[in-house]
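Chemist: Dropping the structure in here first, questions after.
The values are calculated or read from the model by the stated rules, or taken from the named source; none is laboratory data. Only a predicted model underlies this, so the values are computations on that prediction, with no experimental measurement involved. Virtual Cβ from ideal backbone geometry, glycine too; neighbours counted across all protein chains shown.
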Number of protein chains: 2
Amino acid sequence: MKILITGGTGFIGKQVADQLLRTGTVALEGDAPRPISKLVLFDPFPGEHVWTDPRVEVVAGDIADPQTVERVAESVEIVWHLAAVVSSAAEADFDLGMQTNLSGLTNLLETLRAIGTRPRVVNASSYAVFGGELPHTVTDATALSPKTSYGTQKAIGELLVADYSRKGFIDGRNLRLPTIAIRPGKPNKAASTFVSSIIREPLRRLPAVCPARPDTLVFVSSPRSACEAMLRAMNLSDRSIGPERTIPLPGLTVSIAEMVAVLERVAGPEAPQYIEWKPDPQIQRIIDSWPLRVDASRARALGFATDRNFEEIVRAHIEDEAVPRWWRK
Amino acid sequence: MKILITGGTGFIGKQVADQLLRTGTVALEGDAPRPISKLVLFDPFPGEHVWTDPRVEVVAGDIADPQTVERVAESVEIVWHLAAVVSSAAEADFDLGMQTNLSGLTNLLETLRAIGTRPRVVNASSYAVFGGELPHTVTDATALSPKTSYGTQKAIGELLVADYSRKGFIDGRNLRLPTIAIRPGKPNKAASTFVSSIIREPLRRLPAVCPARPDTLVFVSSPRSACEAMLRAMNLSDRSIGPERTIPLPGLTVSIAEMVAVLERVAGPEAPQYIEWKPDPQIQRIIDSWPLRVDASRARALGFATDRNFEEIVRAHIEDEAVPRWWRK
């Protein structure tokens, strides 16, 4: 079985790839496990990580280019579509966002349709499909109302994947993801990148900038939960998914102040001092436009779990990323 | 002032054009009336109608072709985007629907953005953006859930027009239209075309086919109301519209049986005998997937009116289309 991960060298792509290689097989609901013969990680920025596993092929390229995508998608059975220009980048460069997030997706969908075997596709969407004046709690039935170009492009992606699935061209499912925290690695151009930085950097005695007010609420999910959700969304049968192709995921609502309090509880009073509070109205505006509380009942019914509390997320990050414990106790 | 109507030789396009030429000016909310210097009717099928008004230019062409659209959109200030591959046609030919309804729209939007003067755009959308299991009454806050490719493409159009407006590239507004009945002229490839045929043809002692059950509910608006809404949506200022760029229009909920009863009341007992009842599960499925009852409170607050009852719609059709009254009384 050949698998393709677009954005495959990004951090979620890597985690999904690692998990797949560890298991070595894919067990789709209702089917016997089947071995993975090839895993293509397709990304415009392949990064420095060296993959020694012979099943892995890293391909650098542009997802909006038909020839390239035709080559990487050839005879593929399973696709995770994680490639995206993130929120602040898509807001700053409209054309770049449209090119990758819209033309890239339509190019991928047309290529998969042409294969003719109805490949299974997990498409990463985002709660940025919501914005503006929202109900107190966003539910599975809340109307899309993006207030960023990134959110608009993600909403369009959900619609296209649903229609290509309804037409039988692919077997797609959209995962609507919360802000992922704590992301490993370096800050990116997502407006939400600071949600990870303000914990990740102080845990390493490095400076971090917080552009949002302490009372700002964010809706988050850990990398572990996100990776688990990626695999679960793939495993679920067509029948379990049903005609509605979007699965809005559960997450945790937490304030920036609570996050910093957890940082202090875990790593001591020195840690929060690495945070520089530097309000940025542009970032604050984007963050404030996203949902704060979510009732993800459909996902819960389908078995998608979430993190219990933010402290658990911080402790998992320390464990997964082997953060040296410089603080006492 | 130069005006462009895409799908301009279609029946709503024609009605809007006639109205504009009669008035001769455009009075945008808050501005003094300005004369119309040029009115471009752009359509792949220019039809047989001869326009004698020197302000009118009919251009035949493909909306997905950048050079053509650049030419017709040059220095335009106002655009009605009515061109579309309709529901059954977009369902039967997926590529054609995507080409016109998605690539055509993005081509138009990019061309208008390049003009740099933020043209005002009224984009025709449809209640086909809803489908499947819907609440008893669809409101302004009901989540998009298209179950046809046409509905998917219309939903994407709403999102794109909203984002291009938010970015300041255009000043757009989406009108979400009910099924228009009674359409003059001939049946088209909309799944809903019979909703007009079963009244229009018997009024002319011509046969019509009804593919839906008599108890089927439809949500309709008259051509007069639709044309009025098109003009009102254009006239409203940016400020009246606000950040939410979609205006779901009010309409009438009526059953096919009630429509036929009105036909009999207006044109006598002979008229309904011209209807052949011939169930078509494919059409029934599409029609059943659309909303039945709508609470369009935002549109009503903005002054959009609707028809009082179906009999008024039938009588207006007879008057507007000068239908010869062959029936007694």
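Chemist: Of the residues A:VAL76, A:VAL69, only one is part of a loop (DSSP other than H, G, I, E, B) and of a type in the set (A, V, I, L, M); which?
Modeler: One residue alone meets the criteria, A:VAL76.
Chemist: Another question, then. B:PHE169 fails exactly one of the following numbered conditions: (1) crowded, with 22+ Cβ neighbours inside 10 Å; (2) farther than 23 Å from B:SER196 by Cα. What is the number of that condition?
Modeler: Tallying (1) crowded, with 22+ Cβ neighbours inside 10 Å; (2) farther than 23 Å from B:SER196 by Cα, B:PHE169 fails exactly one: (1).
Chemist: On to the next question. Name every residue in the stretch A:34-47 that is touching a helix residue (DSSP H, G or I) at 6+ places or on another chain (Cβ under 9 Å) and part of a loop (DSSP other than H, G, I, E, B), in order of residue number.
Modeler: Those that are touching a helix residue (DSSP H, G or I) at 6+ places or on another chain (Cβ under 9 Å) and part of a loop (DSSP other than H, G, I, E, B): A:ILE36, A:PRO44, A:GLY47.
Chemist: Farther than 29 Å from B:LEU28 by Cα, among the charged types (D, E, K, R) and out of contact with any Pro (no Cβ under 7 Å at 6 or more places or on another chain) - does that describe any residue in the stretch B:40-51?
Modeler: Among the residues of the stretch B:40-51, at least one is farther than 29 Å from B:LEU28 by Cα, among the charged types (D, E, K, R) and out of contact with any Pro (no Cβ under 7 Å at 6 or more places or on another chain), which makes the answer yes.
Chemist: For the stretch B:113-125, enumerate the residues that are of a type outside the set (Lys, Arg) and within 21 Å of the chain's Cα centre (by Cα).
Modeler: Across the stretch B:113-125, the qualifying residues are B:PRO119, B:VAL121, B:VAL122, B:ASN123, B:ALA124, B:SER125.
Chemist: Assuming B:THR100 fulfils every condition listed in (1) over 23 Å from B:MET230 (Cβ atoms); (2) at pLDDT 95 or above apart from one, which condition is it?
Modeler: (1)
Chemist: Inspect all residues belonging to the stretch A:289-307 and state whether any of them is of a type in the set (Lys, Arg) and more than 18 Å from A:LEU249 (Cα to Cα).
Modeler: So far as the stretch A:289-307 goes, no, none of its residues is of a type in the set (Lys, Arg) and more than 18 Å from A:LEU249 (Cα to Cα).
Okay, residues lined up against (1) closer than 22 Å to B:GLN153 by Cα; (2) touching a helix residue (DSSP H, G or I) at 6+ places or on another chain (Cβ under 6 Å):
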{"residue": "A:MET98", "(1), (2)": "yes, no"}
{"residue": "A:ILE115", "(1), (2)": "no, no"}
{"residue": "A:VAL121", "(1), (2)": "yes, no"}
{"residue": "A:SER126", "(1), (2)": "yes, yes"}
{"residue": "A:TYR150", "(1), (2)": "yes, yes"}
{"residue": "A:LYS154", "(1), (2)": "yes, yes"}
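Chemist: Could you check A:VAL85 against (1) more than 16 Å from the chain's Cα centre (by Cα); (2) part of a loop (DSSP other than H, G, I, E, B) and say which number it fails?
Modeler: If we test A:VAL85 against (1) more than 16 Å from the chain's Cα centre (by Cα); (2) part of a loop (DSSP other than H, G, I, E, B), just (1) comes out false.
Chemist: Looking at (1) at pLDDT below 95; (2) touching a helix residue (DSSP H, G or I) at 6+ places or on another chain (Cβ under 8 Å); (3) away from chain B (no Cβ under 14 Å), find the lone condition where A:ASP31 falls short.
Modeler: So the condition that A:ASP31 fails would be (2).
Chemist: A further question on this structure: Could you list, ordered by first residue, the pairs with Cβ atoms under 7 Å in which the first is in the stretch A:222-249 and within 14 Å of chain B (Cβ to nearest Cβ) and the second is surrounded by fewer than 18 Cβ atoms within 10 Å (Cβ to Cβ) and among the small types (Gly, Ala, Ser), at least 6 apart or interchain?
Modeler: So the pair list comes out as A:PRO243/B:GLY132.
Chemist: Could you look through the stretch B:298-307, keep only residues that are touching a residue at least 12 places away in the same chain (Cβ under 8 Å) and not polar (S, T, N, Q), and pick out the one that is surrounded by the most Cβ atoms within 10 Å (Cβ to Cβ)?
Modeler: B:ALA299
Chemist: Among the residues of the stretch B:281-296, are any over 23 Å from the mean Cα position of the chain (by Cα) and within 30 Å of A:LYS167 (Cβ to Cβ)?
Modeler: Yes, because at least one residue in the stretch B:281-296 is over 23 Å from the mean Cα position of the chain (by Cα) and within 30 Å of A:LYS167 (Cβ to Cβ).
Chemist: Please state which of the following conditions B:VAL50 fails to meet, knowing it meets all the rest: (1) β-branched (Val, Ile, Thr); (2) at pLDDT 95 or above; (3) part of a loop (DSSP other than H, G, I, E, B).
Modeler: Among (1) β-branched (Val, Ile, Thr); (2) at pLDDT 95 or above; (3) part of a loop (DSSP other than H, G, I, E, B), the lone unmet condition for B:VAL50 is (2).
Chemist: Does B:GLY151 fit the bill of being out of contact with any Asp or Glu (no Cβ under 7 Å at 6 or more places or on another chain), touching a residue at least 24 places away in the same chain (Cβ under 8 Å) and surrounded by fewer than 23 Cβ atoms within 10 Å (Cβ to Cβ)?
Modeler: Taking the combined requirement at face value, the residue does not satisfy it.
Chemist: Moving to a separate point now. If you check A:PRO211, A:PRO202, A:PRO184, which single one turns out to be under 16 Å from the mean Cα position of the chain (by Cα) and under 28 Å from A:ASP320 (Cα atoms)?
Modeler: Exactly one residue qualifies, and that residue is A:PRO184.
Chemist: Is one or more of the residues making up the stretch A:197-208 hydrophobic (A, V, I, L, M, F, W, C), part of a strand (DSSP E or B), more than 13 Å from every other protein chain (Cβ to nearest Cβ) and within 22 Å of A:LYS14 (Cα to Cα)?
Modeler: No.
Chemist: Could you list, ordered by first residue, the pairs with Cβ atoms under 6 Å in which the first is in the stretch A:309-329 and free of Cβ contacts under 8 Å to residues at least 60 places away in the same chain and the second is not basic (Lys, Arg), at least 6 apart or interchain?
Modeler: Listed by first residue and then by second, the contacts come to A:GLU311/A:VAL262.
Chemist: Could you grab me the full set of residues in the stretch B:54-64 that are outside any strand (DSSP E or B), touching a residue at least 40 places away in the same chain (Cβ under 8 Å) and more than 17 Å from B:ILE115 (Cβ to Cβ)?
Modeler: B:ASP62, B:ALA64
Chemist: Going through A:PRO178, A:PRO202, A:PRO187 one at a time, which residue ends up being modelled with pLDDT under 95 and not polar (S, T, N, Q)?
Modeler: Exactly one residue qualifies, and that residue is A:PRO187.
Chemist: When only residues in the stretch A:262-320 that are of a type in the set (Ser, Thr, Tyr) and either out of contact with any Leu (no Cβ under 9 Å at 6 or more places or on another chain) or within 29 Å of A:GLY131 (Cα to Cα) (or both) count, which is modelled with the highest pLDDT?
Modeler: A:SER297
Residue-by-condition table, conditions (1) more than 23 Å from A:GLU133 (Cβ to Cβ); (2) surrounded by fewer than 16 Cβ atoms within 10 Å (Cβ to Cβ); (3) in contact with a Lys or Arg (Cβ under 9 Å, 6 or more places away or on another chain):
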| position | (1), (2), (3) |
| --- | --- |
| A:LEU206 | yes, yes, yes |
| A:PRO211 | no, no, yes |
| A:THR216 | no, no, no |
| A:SER221 | yes, no, no |
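Chemist: Okay, next question. When the stretch A:288-323 is examined, which residues are found to be among the charged types (D, E, K, R) and part of a helix (DSSP H, G or I)?
Modeler: Correct list: A:ASP288, A:ARG298, A:ARG300, A:GLU311, A:GLU312, A:ARG315, A:GLU319, A:ASP320.
Chemist: Next question, about the same structure. Can you name the number of the only condition in (1) surrounded by 24 or more Cβ atoms within 10 Å (Cβ to Cβ); (2) of a type in the set (Ser, Thr, Tyr); (3) within 19 Å of B:TYR164 (Cβ to Cβ) that A:SER126 fails?
Modeler: It is condition (3) that A:SER126 fails.
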